[in-house]
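Here's the structure we're looking at; comments come further down.
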Amino acid sequence: MNADERRFAVLRAIVADYVSTQEPVGSRAIVDRHNLGVSSATVRNDMAVLEEDGLIAQPHTSAGRIPTDKGYRQFVDRISQVKPLSSAEKRAVQTFLDGAVDLDDVLRRSVRLLAQLTRQVAVVQYPTLTRSTVRHLEVVQLTPARLMLVLITDSGRVDQRVVDLGEVLGETEVSRLREILGNALNGRKLAEASAAVAELPDSAPDDLRTPLLHVATVLIETLVEHPEERMVLGGTANLTRSHADFPGSLRQVLEALEEQVVVMRLLAASQDSGLVTVRIGEENEAEDLRTASVVTVGYGTGTPLGGMGVVGPTRMDYPGTISAVHAVARYVGEILTGR
């Protein structure tokens, strides 16, 4: 190793030991625990350079050092191989998520999984409606004058609505209505589908204009409702177990997590499916999260449907956390786009 590589090996050792023990790391411990092939004196010199560069710091009179935000950043940027989940973990994740019965259940299970795998706070954003596409519209005739509409999107969302038609329709008319609606909706983004449905009554055959007007009114409400973003949060108790990592600021972090807008902004920044983003300490825009690290990723195959991630202390197992977030996001994306 050259000097730069050796110093990074020392930094990596300090990060690993501090994350594991929560105790400042000294040169003797590095020599004893890590096979760097150099003396304690060399390690001490390297630690002096790392400290001068702002990558490690001495928290008190102890001879040991701890990583700074800048040190964690360099460590994360140079992670060459993310620790993969074991075969048993992968099977457990897939089995647990495959057991979900609907979208809500998928997201609730995802949060529980992430919180358990990472021992941090986990958060998952509901699929962003503007990115959803209508997969299918089922039209079921309940009575001669009443229909049930079942709208299914590619993100797994299912909406059911009952429509009073204002007049009696036979099976033939209902079949024609089903075809018209399917042609207007299937495969379109929700905003496009809403606009297409709004135009249907004007171009409809005379005998279907009134029923289509009633159906269009209900469908438009369905397609554009729920403008607020929604998310699922879990594992908040994990933060309290890391109380020492948030001296005087744990309450601020908890309050930030309660501010849905703050968390949604973090998740909305996860635009690329499969690309994990790590924000460490001062890199977080929200002031209350500047003692925390946030690891996020977009989920969904192709265009991301939403974001998910974890919030925890800067003293975090970054390789393991990145691996868990990436794996759960991939499985969730496959489940939702495959439904």
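The values are calculated or read from the model by the stated rules, or taken from the named source; none is laboratory data. Predicted model, so just to flag it, every value in this text is computed and none were measured. Note: ideal-geometry Cβ built from the backbone for every residue, glycine included; neighbour counts use all protein chains shown. With ligands, DNA and RNA removed, areas are computed over all heavy atoms of the protein, side chains included. Shrake-Rupley method; radii C 1.70, N 1.55, O 1.52, S 1.80 Å.
Computed values, structure above
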{"item": "Partner aspartates and glutamates for Lys83 [C-alpha distance under 16 Å; skip if fewer than 8 residues away on the same chain]", "result": "Asp317"}
{"item": "Computed magnitude of the charge dipole of the chain (debye, nearest 20; Cβ of K, R +1, Cβ of D, E -1)", "result": "1400 debye"}
{"item": "Percent accessible area from carbon and sulfur atoms, region 276-339, protein chains only, probe 1.4 Å", "result": "44 percent"}
{"item": "Gain in span if fully extended, Ala57 to Ala145, counting 0.36 nm per residue against the direct Cα distance", "result": "24.2 nm"}
{"item": "FRET E, pair Ser80, Glu221, Förster distance 51 Å, beta-carbon r, rounded to 0.05", "result": "0.50"}
{"item": "Å² per residue, accessible surface of the chain at 1.4 Å", "result": "48 Å²"}
{"item": "In degrees, nearest ten, helix 318-338 long axis to first principal axis of the chain (Cα)", "result": "10 degrees"}
{"item": "Most mobile listed residue (Gly307, Gly234, Gly298) in the chain, GNM with C-alpha springs under 10 Å", "result": "Gly234"}
{"item": "Helix 171-185 vs. the chain, principal-axis angle (Cα, 0 to 90°, nearest 10)", "result": "40 degrees"}
{"item": "Radius 10 Å from Cβ of Gln58, net charge of other residues (Lys, Arg +1; Asp, Glu -1)", "result": "0"}
{"item": "Surface accessible to a 1.4 Å probe, Leu50 within the full protein complex, Å²", "result": "10 Å²"}
{"item": "Percent accessible area from carbon and sulfur atoms, region 1-138, protein chains only, probe 1.4 Å", "result": "46 percent"}
